[in-house]
Amino acid sequence: MALGSLGSIGIASSVLTTDLLNKMKEAEEKNIIEPYTKKMEENTAKQKAITELNTKLLSFQTAVSSLGDATAFAKRTVNASVTGDNAAASLSASSGVNTQSLNVKVDQIAQKDVFQSKGIAADTDRVLQTGQNATSFTIVQGKSKYTIRVDANTTYADLAEKINSATSGKVQAKLVKTGEANTPYRLTLSSKETGTDNAIKLVDGDGTLDANGNFNSTQDSANLLANIGWELDKTTANGKEGYAIKDPNGEYHIKKAQNAEFTLDGVKMIRQSNEVKDIGAGLTLTLKKAGEINFDIKQDTEALSKAMDELVEKYNDLMTQLETATKYDTETGEAGELQGLSVVTSIRSKIVNSLFQSQAVEGTELDKNGNSKTTTVMLSMQDFGLTLDKTGTLSFDKSTFDEKMAKDIDLAEKFFAGTSGFEKLEVTGLATQAKFDTDIDFNGKEFKITFNDKTYNLSKDKDGNIFELKGNTPQERAQKLIDHINSFGIEDLKVSMQELTIGNSGGQAIKGYAIKFKSDNGSDFELTGDTDVLEKMGLEKTKVTPQIEQGTGVFADLKGVLEGITSTKDRKKGSLTLYSEQLTTENKAMKESKEKSQASINARYDTMAEQWIQYDRIISKIQTQGQYITQMIDAQNGKS
């Protein structure tokens with residue numbers, strides 16, 4: 001009941017008024033309800049301050065992580081002896097690549113096979129001349145052949161579309177407007193990829209073979225090619241592989257497919273493409289022109305320096321926020337929302353103590369004879385240019401940092417992150433002898449390994465022939481499998497087999513083989529193939545991405561300290577997270593208590609208001625009766 005609506009209260013008594021009742025209720029609410037409201041508002045303000053502080057903490061934690069998990073140390077920079085348009089090649093290096101120097105001499109770059117037709121008056125011109133019969137010609141590319149059918153209605157534009165469709169774009173045909181007088185168009189053919197494996201050859205026929213395995217030829221097809229401007233040279237080419245064209249002046253065969261030829265540190269190499277990804281894990285060499293160039297792959301200390309700058313920026317932002325949240329002005333009595341809370345005030349000391357702790361790091365030094373020997377070095381972040389001034393502001397001296405890094409960056413990595421490299425890769429397949437009781441045919445089956453960003457098709461041998469797993473015994477077949485995989489020379493991947501007992505049945509030992517794939521270079525490993533084929537070898541589809549093993553470096557340790565404050569993971573919640581949850585729980589409980597108390601006060605004063613109304617009515621009635629008696633007495637006195 002709204003007390004303000006009871007306007008009749010107190011009319012008779014002038015004591016039990018609505019105003020008095022409201023004041024009594026307000027006084028009780030002030031004593032009972034307002035403490036809940038005030039505490040809930042304080043908790044809400046604390047939670048807001050914690051959220052703002054936590055944002056700064058997480059930002060600082062990200063900067064710490066970039067140095068504590070060694071990602072910054074894994075970054076690489078490549079310095080080239082020649083840059084710009086004069087560079088014979090460029091090199092990119094992924095994170096974690098070994099620091100090294102490379103010399104590259106490019107003899108020739110890979111290029112596509114490119115043909116062009118004679119001049120054409122219009123792209124709508126018919127390919128066949130009047131009276132010529134519909135026919136076909138064939139494009140041969142490697143082991144693939146594509147037969148193109150041409151009839152009386154086929155235009156040069158149509159022919160380009162037919163070639164693109166038939167070859168699925170592996171041979172790219174288009175009409176080019178050259179602007180030549182009278183014949184301003186030419187049809188061009190280009191291999192999609194570079195290298196001699198993608199060379200284009202032609203056949204003046206429908207792609208069928210004669211008894212000797214050579215392509216059949218027809219005069220109609222030869223006439224068709226002549227219309228385009230191409231006459232086949234059948235004197236120098238193998239009729240089983242298609243033919244080149246007669247083009248002594250290079251007018252029609254304007255660019256011939258060729259492989260890239262170069263030397264890497266003096267070793268002669270040949271590749272189909274100018275983008276070379278198999279000279280080392282994480283390295284991509286792009287050949288541009290003939291010439292020589294040197295590459296120096298180093299750790300990217302500039303990235304480390306930037307990470308340190310970011311660390312300082314985020315630390316100072318955090319401390320400013322922390323100062324605001326915990327401040328106390330003795331003159332005004334004004335306090336920050338989190339002032340006096342040990343869970344918050346201890347954050348600064350925890351971070352500073354962890355950041356500037358000295359650590360013993362195992363390094364090397366030269367003895368008096370110039371020999372390297374293991375020694376223990378004490379290091380702190382001050383050695384790397386970090387300092388705190390009297391106001392608690394963190395600063396970074398890049399020159400000190402660069403000088404220290406130049407002396408021994410490996411030592412710095414141990415101190416910063418305490419890493420021990422990538423975790424070792426070990427994938428094991430178990431197979432009973434029974435699985436190798438029969439030969440395995442890989443014809444039409446998939447069996448592949450992807451490692452060092454390169455995929456190896458193991459369903460074939462290294463010469464491209466279908467692999468057959470044969471042997472007189474299960475042991476021979478299992479060993480042949482290992483030899484087959486190793487024959488591909490997959491760099492940094494060790495494949496071995498161990499004969500062992502893998503169980504027993506009826507008291508008889510079950511013999512089998514453990515097929516193991518091992519590496520410690522950090523490359524992803526993936527084993528794929530048809531499930532039934534893999535199962536016969538005791539293998540299964542697998543993909544493994546090795547992670548960097550963490551140690552106890554200063555930033556790895558600081559990362560743990562910060563997680564102890566901010567973590568939201570179950571069973572490992574940070575101190576600030578737990579305190580924030582505590583405030584939420586308190587607010588929920590206080591809200592319930594406040595609502596119950598308010599309901600109780602409301603009910604009690606609603607009842608009191610009803611009672612006062614009744615009292616007022618009684619008083620009013622008594623007053624009325626008194627007035628009546630007074631009137632009677634006055635009237636009686638008047639008669640006398």
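Below, the figures for the structure above:
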read-out: Conditions (1) surrounded by 14 or more Cβ atoms within 10 Å (Cβ to Cβ); (2) modelled with pLDDT under 95: number failed by ASN316; value: (2)
read-out: Failed condition for SER66, given (1) hydroxyl-bearing (Ser, Thr, Tyr); (2) modelled with pLDDT of 90 or more; (3) in a helix (DSSP H, G or I); value: (2)
read-out: Complete set of residues in segment 97-126 that are open to solvent by less than 70 Å² (accessible area, probe 1.4 Å), closer than 30 Å to ARG271 by Cβ, modelled with pLDDT of 95 or more and assigned to a strand (DSSP E or B); value: LEU102, ASN103, VAL104, VAL106, ASP107, GLN108, GLN111, VAL114, PHE115, GLN116
read-out: Strands (runs of 3 or more DSSP E) enclosed by segment 127-214 - at least 2 residues per element that are open to solvent by less than 40 Å² (accessible area, probe 1.4 Å), at pLDDT 95 or above and more than 30 Å from ASN259 (Cα to Cα); value: 135-141
read-out: Selected residue (only one of LYS588, LYS543 is basic (Lys, Arg), assigned to a helix (DSSP H, G or I) and at pLDDT 90 or above); value: LYS588
read-out: Single residue of TYR615, TYR628 found to be touching a residue at least 12 places away in the same chain (Cβ under 8 Å) and open to solvent by 90 Å² or more (accessible area, probe 1.4 Å); value: TYR615
read-out: Of all residues in segment 20-51 being in contact with a Leu (Cβ under 7 Å, 6 or more places away or on another chain) and of a type outside the set (Lys, Arg), the one that is surrounded by the fewest Cβ atoms within 10 Å (Cβ to Cβ); value: ASN22
read-out: Residues of segment 215-249 that turn out to be without any contact (Cβ under 8 Å) to a residue 24 or more places away in the chain, open to solvent by less than 60 Å² (accessible area, probe 1.4 Å) and under 25 Å from LYS112 (Cβ atoms), as a count; value: 3
read-out: Where THR332 falls short, out of the listed (1) of a type outside the set (D, E, K, R); (2) within 33 Å of the chain's Cα centre (by Cα); (3) surrounded by fewer than 15 Cβ atoms within 10 Å (Cβ to Cβ); (4) at pLDDT below 95; value: (2)
read-out: One residue from THR455, THR428 being farther than 30 Å from LYS511 by Cα and part of a strand (DSSP E or B); value: THR455
read-out: SER395 being touching a residue at least 40 places away in the same chain (Cβ under 8 Å), in a strand (DSSP E or B) and either more than 22 Å from LYS559 (Cβ to Cβ) or of a type in the set (Gly, Ala, Ser) (or both); value: yes
read-out: Subset of segment 72-88 that is crowded, with 17+ Cβ neighbours inside 10 Å and at pLDDT below 95 - its residue that is farthest from LYS559 (Cα to Cα); value: ARG76
read-out: Leading residue by the ranking (nearest to ALA74 (Cα to Cα)) among those in segment 282-308 that are open to solvent by 40 Å² or more (accessible area, probe 1.4 Å) and modelled with pLDDT of 95 or more; value: ASP296
read-out: Residue tally, condition without any contact (Cβ under 8 Å) to a residue 40 or more places away in the chain and open to solvent by 60 Å² or more (accessible area, probe 1.4 Å), over segment 458-497; value: 14
read-out: Among (1) out of contact with any helix residue (DSSP H, G or I) (no Cβ under 9 Å at 6 or more places or on another chain); (2) within 15 Å of ILE148 (Cα to Cα) - the single one LEU202 does not satisfy; value: (1)
read-out: Residue in segment 347-356 that is crowded, with 18+ Cβ neighbours inside 10 Å, under 18 Å from LYS46 (Cβ atoms) and either out of contact with any Pro (no Cβ under 9 Å at 6 or more places or on another chain) or at pLDDT below 90 (or both) present; value: yes
read-out: Residue in segment 563-585 that is of a type in the set (S, T, N, Q) and not in a helix (DSSP H, G or I) present; value: yes
read-out: Qualifying positions in segment 215-234 - among the aromatic types (Phe, Trp, Tyr) and outside any loop (DSSP other than H, G, I, E, B); value: PHE215
read-out: Cβ-Cβ under 8 Å pairs, at least 6 apart or on other chains, segment 39-63 side within 12 Å of SER580 (Cα to Cα), far side of a type in the set (Asp, Glu); value: ASN43/GLU586; ALA45/GLU337; LYS46/GLU337; LYS48/GLU337; ALA49/GLU337
read-out: Residues of segment 498-531 classified as surrounded by fewer than 19 Cβ atoms within 10 Å (Cβ to Cβ), over 32 Å from the mean Cα position of the chain (by Cα) and either modelled with pLDDT of 85 or more or in a strand (DSSP E or B) (or both), total; value: 13
read-out: Close pairs (6 angstrom Cβ cut-off, 6 or more residues apart or separate chains): at negative phi in segment 252-276, part of a loop (DSSP other than H, G, I, E, B) and open to solvent by 40 Å² or more (accessible area, probe 1.4 Å) anywhere; value: ASN259/GLN272; ALA260/ILE109; ASN274/ILE109
read-out: Residues located in segment 387-431, provided they are at pLDDT below 90, among the small types (Gly, Ala, Ser) and either open to solvent by 50 Å² or more (accessible area, probe 1.4 Å) or under 20 Å from GLU313 (Cβ atoms) (or both); value: ALA406, SER420
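The values are calculated or read from the model by the stated rules, or taken from the named source; none is laboratory data. Just so it is clear, the model here is predicted, and its values are computed rather than measured. Glycine also receives a Cβ, built like all others from the backbone with ideal geometry; neighbour counts cover every protein chain displayed. The area values use the complete protein model at the heavy-atom level, side chains included, leaving out ligands, DNA and RNA. Shrake-Rupley method; radii C 1.70, N 1.55, O 1.52, S 1.80 Å.
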